[in-house]
Each structure stands twice: as C-alpha cells, then as structure tokens.
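The values are calculated or read from the model by the stated rules, or taken from the named source; none is laboratory data. What you see is a predicted model; the values in this text were computed from it and never measured. Glycine also receives a Cβ, built like all others from the backbone with ideal geometry; neighbour counts cover every protein chain displayed. Areas reflect the complete protein model, heavy atoms only, side chains present, ligands, DNA and RNA absent. Shrake-Rupley method; radii C 1.70, N 1.55, O 1.52, S 1.80 Å.
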Amino acid sequence: MELFMTLSLLLFLCFIFLICKLFLQTRDQCCYLIGYECYKAPDDMKLDTETCGKLVMRNKNLGLNEYKFLLQAMVNAGIGEETYGPRSVIDGTEETPTLPESLSEIDDIVFDTLDKLFASTGVSPSEIDILVVTISMISSVPSLPARVINRYKMKEDVKVFNLSGMGCSASVIAVDLVHHLFRTYPNSFAVVVSSESLNPNWYCGKERSMMLPNILFRVGGCSLLLTNKRSMKRKALMKLKLSVRFHGGASDESYESCTRIEDSQGYCGFFLTKTLPKAAAKAVAMNLRVLVPKTLPLRELFRYAVASFVYSRNNHKGKAPTLNMKSGFQHFCVHPGGRAVIDGMGRSLGLTEYDLEPTRMALHRFGNTSTAGIWYVLSYMEAKKRLKKGDRVLMISLGAGFKCNNCVWEVMKDAMDDVNVWEDCITRYPVKFTANTKFLEKFSWLHESDPELSKKFRKI
C-alpha cells in the first residue's frame with residue numbers, strides 16, 4: 001500500500017512538473033511589437049514629374065513606343081509626386097553605380113531608422129539578443145548585419161541572421177523567424193531591419209516588362225523592435241497571434257514568374273512574366289486555406305460551408321459564395337505592390353475602398369518600398385487613429401518565388417496614434433484620385449502619331 005501511495009505521489013508530481021513546464025514554455029512563446037520606425041528620405045531625392053522626365057530622357061535606348069508605354073504606366077500606377085528615388089538616379093549615374101554609393105544608401109536607411117527606434121523605445125543596442133536583416137539585392141563583406149553590429153557596438157553573443165533574395169515578403173518572414181527563435185531564447189529583444197537596395201539595381205534597358213519596377217519601386221525601409229519579455233507587455237503596441245507562410249517555388253510557373261535577369265543588351269532587371277497574376281492568386285489561395293480556419297469565427301465558417309453546399313447543388317448557378325474576412329479582422333495591411341496588386345487583393349479578400357485606403361495612400365505617397373511597404377500602411381492607420389485596443393490586423397505580403405506570407409496582430413493599446421513618416425502630409429490624405437495627372441498634362445502630346453515627337457521629348 002505504501003509503495004502504491006509513493007508511486008501515485010511521484011506520478012502526480014511528474015504531472016504537475018509537466019504542466020508547469022508547458023505553462024512556462026507557452027509564456028515564452030509570446031511576441032510583442034514594442035516599436036517600429038519607417039524611413040523618409042530627404043526632399044532632394046523626390047521623383048517628381050520634372051525629375052522623371054529628365055530620367056527617361058537620359059535613356060538613349062528608348063523610342064517613341066517606349067515613351068508612350070512609360071507615360072501610360074506612370075499615370076495609372078497610383079504613385080504620386082513625392083516618392084523617393086535612389087541617389088544615383090537623382091545624380092544621373094544610374095548606369096554606373098558604385099559599391100560605396102550603394103552601401104551608403106543602405107546605411108542612410110538602416111542607421112536612420114535604428115537611431116530613432118532605440119531613442120523612442122528606450123532600449124539600448126547592447127540589450128539586443130537577436131538581429132535579422134532583410135535586404136535582398138545587395139551583398140557585402142563584412143555582411144550588412146555586421147555593419148549594424150559595428151555601428152552600435154552590440155554584444156558578442158547576439159544571434160545574427162541575414163535574409164537575402166526574399167523580396168517584398170521578407171519582413172513578414174523575418175517576424176515569423178523571430179517568433180520561432182523566441183521559443184529557444186526566452187526573455188530576449190530582437191531587431192528586424194527591412195529595406196531594399198535600388199541604387200545598383202535600376203534598369204536602364206528597354207524591355208517593357210523590366211521597366212515596370214522602375215515605375216513602382218522607391219527608396220524606403222523600416223526597423224522593428226520585438227520581444228518576448230512579459231515585463232514589456234504594457235509598453236507593447238501589438239502582439240503577434242499567428243503567422244502563415246506559403247512558398248510555391250516547386251512550380252516552374254510560379255518560380256519563373258518574377259526573376260532577375262539580363263536583357264539582350266546586358267542590362268540587369270526584374271523580368272515579370274504574364275503568369276505572375278496566376279502565380280500570385282494561387283499563392284494567396286493556398287495561404288488563406290491555412291489561415292482562415294484558424295482565425296475566422298465558427299459561425300462564419302459554418303455560413304460559408306452551407307452557402308457553398310447550396311451553390312454546388314444548384315450547379316454553380318448565381319454568384320459564388322465568399323468568406324467575410326472582416327468577421328475575423330478589423331484592419332488589413334496589404335502589400336502596396338502596385339494598383340493591380342491592390343485591386344486583386346481587394347477582390348480576393350472582399351475588401352471595401354475604406355479597407356484598402358491605407359494601402360493605396362502608402363503607394364501614392366511612398367511608392368512600392370518592397371518588404372517595408374506594409375509598415376508604411378500600418379503607420380498610415382496609426383496616423384489616422386484607426387487602431388483600437390483589441391483590434392486584429394492582418395498583414396499580407398507577396399514575394400518572388402512565388403511566396404505569400406501573412407501575420408495576424410492584436411492591438412495592445414488605444415494610444416497608437418504616432419504619425420511617424422506621415423507627419424508633414426497626413427492632413428492631405430486620403431486623396432480622391434491616385435492617377436498621376438501631372439504626367440498626363442505634361443506629356444500628353446506623346447499620344448500623337450508624329451514620329452518626330454521622340455526628338456521633341458529629348459529636348460525637354
């Protein structure tokens with residue numbers, strides 16, 4: 001009897017130990033966003049109509065047909081007059097970029113956002129335990145993270161990760177990586193730095209599909225401070241609830257839809273195939289297949305299941321049923337990759353113009369800032385005082401490969417109202433029309449049929 005009682009006590013203690021261990025492990029799996037800073041370049045780097053006209057004029061490879069294509073694309077891109085271009089483009093040296101200039105561009109973005117981040121949060125660089133840098137299109141020795149460590153004299157045992165080639169979805173991937181690392185490294189601070197290097201990657205050829213990135217991509221970046229410290233909960237802006245990643249690279253069609261290649265003249269640039277919309281749609285659908293059951297309420301899932309059953313029984317007559325994504329989320333940070341991307345995501349998720357306003361305005365004011373774009377969208381929401389405690393925010397981004405990644409955040413406080421990079425312009429937004437009519441007004445004569453117009457353009 002005594003042996004039985006002893007064994008029972010041991011089993012009970014083991015059970016209590018396992019419960020306590022599981023509880024402590026769960027506590028360490030939280031991921032809080034303490035702060036973030038987006039980059040705003042100086043005014044002398046703005047690409048207005050006049051500057052863009054001079055830039056196109058410098059490209060001797062272009063003819064009248066290319067001018068007409070660029071005019072139509074620029075007017076309809078949804079990008080305004082105040083976006084920022086790389087220094088080499090402003091100075092007219094885009095065909096001969098140098099490594100020091102390219103690294104200087106990255107240093108300006110990274111160090112500016114990190115300086116502000118450390119100052120605003122009160123966290124010292126020496127306290128950082130994990131550093132993740134996501135800048136796809138440039139490599140250096142020592143590495144880009146090493147430049148950060150040297151600048152801020154971070155501690156010797158900081159865990160460093162350099163994510164390259166991940167494209168516009170890299171920031172969400174980095175957040176997911178940090179979330180997983182927090183399970184191994186409790187009581188830690190992590191910094192994520194996201195940007196893109198445009199200086200050495202400006203396309204100077206004449207292939208139309210490779211000219212589009214020049215129209216869309218602009219200088220930008222952001223830095224985030226994350227932690228799993230419970231003591232920082234009261235200071236947290238948001239808490240990560242879930243992240244879902246999908247990579248369609250096993251499909252040749254998806255893999256080849258967005259690649260960096262050389263054209264027939266030897267100019268490097270991004271080549272976008274006609275299968276890109278299909279690859280993107282598939283990636284989004286596969287991602288949502290995992291996300292939706294974990295985030296939408298049961299009543300919405302049940303309603304959709306019943307509606308789908310009735311629709312199939314009626315031989316797919318009438319309007320196909322759709323999920324109400326707003327039953328699970330209050331806000332949507334959609335990647336501002338371009339007007340077509342935003343329109344497509346809006347249709348896929350069933351969003352209204354109000355839901356898409358932050359993304360459209362981020363594209364209009366800052367352009368496609370690659371992996372940092374979704375943080376400019378979040379910053380717009382904060383500047384407009386849209387975010388309230390308890391709200392859930394869905395961040396969804398797309399990237400070459402082809403990838404679709406997202407993360408779900410819960411807002412932790414009502415006082416999320418920092419205007420950040422929108423300080424000097426938030427009162428002017430939203431704008432009613434995002435079409436760049438100034439381009440149309442200045443260069444509308446390109447639609448005339450006179451072949452001498454290409455010569456006229458070069459005289460501007």
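Summarised as an ellipsoid, the range 355-446 has semi-axes of 28, 19, 10 Å, derived from the eigenvalues of the Cα gyration tensor scaled by 5 and square-rooted, with the largest first. Only one residue of LEU144, TYR203, PHE217 has its Cα farthest out toward the positive end of the dipole of the chain, where Lys and Arg carry +1 and Asp and Glu -1 on Cβ, and that residue is PHE217.
Divide the volume of the convex hull of the Cα atoms of the range 211-306 by its number of residues and quote the answer in cubic angstrom per residue.
Residue-normalised Cα hull volume stands at 197 Å³.
Which whole-number percent gives the relative contact order of the range 177-325, counting Cα pairs below 8 Å spaced six or more residues apart? It would help to have the intermediate numbers written out before the result.
Working: 132 pairs, mean separation 29.7, N = 149.
Dividing the mean separation by the residue count of the range 177-325 yields 20 percent.
Once you divide the Cα radius of gyration of the range 87-170 by 2.2 N^0.38 Å, the number left is 1.20.
Once you keep just the Cα pairs under 8 angstrom separated by 6 or more residues, what percentage relative contact order results for the range 277-330?
Values: 21 pairs, mean separation 19.8, N = 54.
After rounding, I find 37 percent.
Can you give the charge dipole size of the chain about its Cα centre, rounded to the nearest 20 debye, using +1 on the beta carbon of Lys and Arg and -1 on the beta carbon of Asp and Glu? List each step's numbers first, then the result.
Working: 59 positive and 48 negative charges, 354 e Å.
About 1700 debye.
Using 0.36 nm per residue, how much length does the chain from GLU441 to ASP91 gain when fully extended, once their Cα-Cα distance is taken away?
Values: separation 350, 0.36 × 350 = 126.00 nm, distance 2.53 nm.
Gain in length upon complete extension: 123.5 nm.
Since only TRP375, ALA400, MET412 are under comparison, the one whose Cα sits farthest along the positive direction of the charge dipole of the range 373-415, derived from C-beta charges on Lys, Arg, Asp and Glu, is MET412.
So if R0 is 41 Å, what FRET efficiency would CYS425 and THR98 give, r being the distance between their Cβ atoms, rounded to the nearest 0.05?
Working: r = 32 Å, r/R0 = 0.79.
Efficiency, from the Cβ-Cβ distance: 0.80.
Accessible surface area normalised per residue over the range 237-377 is 51 Å², counting heavy atoms of protein chains with a 1.4 Å rolling probe. Averaging the sequence gap over all C-alpha pairs within less than 8 Å and six or more residues apart, then dividing by the number of residues, gives the chain a relative contact order of 23 percent. Put simply, the C-alpha atoms of the chain give a gyration tensor, and the ellipsoid matching it has half-axes of 42, 28, 20 Å, longest first.
The distance between label points at PHE309 and ASN162 comes to 5.6 nm (points 7 Å beyond Cα on the Cα→Cβ vector). When the solvent-accessible area of the chain is split by element, carbon and sulfur atoms take up 57 percent of it, the probe being 1.4 Å. Normalised per residue, the accessible area of the range 50-150 is 39 Å², obtained with a 1.4 Å probe and no contribution from ligands, DNA or RNA.
Kirkwood Rh, Cα Rg: Rg to Rh for the range 374-414?
Numbers: Rg = 12.0 Å, Rh = 11.3 Å.
Ratio value, two decimals: 1.07.
Considering the range 65-216, its Cα convex hull presents a mean projected area of 10.7 nm². Note on the range 167-247: Cα-only Rg and Dmax are 17.3, 55 Å.
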